[in-house]
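Participant: Shown below is the structure under consideration.
The values are calculated or read from the model by the stated rules, or taken from the named source; none is laboratory data. It should be emphasised that the depicted structure is a prediction, and the values quoted were computed from it without experimental measurement. Cβ placement follows ideal geometry from the backbone for every residue including glycine, while neighbour counts extend to all protein chains displayed. These accessible areas exclude ligands, DNA and RNA; they are computed on the full protein's heavy atoms, side chains included. Shrake-Rupley method; radii C 1.70, N 1.55, O 1.52, S 1.80 Å.
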Amino acid sequence: MNRVLAILTIDTENLPTNFQEIIQHEREVIVAWKAEGFLEQLYLRPTRNGAVLIFKDLDENQVATKMETLPLYQLKKSLEILPLIKDSAI
């Protein structure tokens, strides 16, 4: 089972007035992704400027496409997508 890490950073200096609505919609999308089984975990960043998402059984292009549909993507400062390789010796 492959894993892909996505690191989303948002522009916190230019948040729209409806930011709380965007956050609520974001949570709904994340819950749906978890239920569908391709999102393993989401971690919020302590700086509160983004999140780290771990996807399973998707390739980098599929993850990029999914990330573009997130409500917070419109506030994107940067997005880094990294394929992960499990160390089979551990």
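Participant: Please determine, by comparing only the residues of the range 1-21 that are free of Cβ contacts under 8 Å to residues at least 60 places away in the same chain and open to solvent by 70 Å² or more (accessible area, probe 1.4 Å), which one is farthest from ILE81 (Cα to Cα).
Facilitator: THR17
Participant: Name the pairs whose Cβ atoms lie under 6 Å apart, with the first residue in the range 64-81 and open to solvent by 80 Å² or more (accessible area, probe 1.4 Å), the second in a strand (DSSP E or B) and among the aliphatic types (A, V, I, L, M), and 6 or more positions between them or separate chains?
Facilitator: Pairs found: LYS77/ILE10; GLU80/ILE7.
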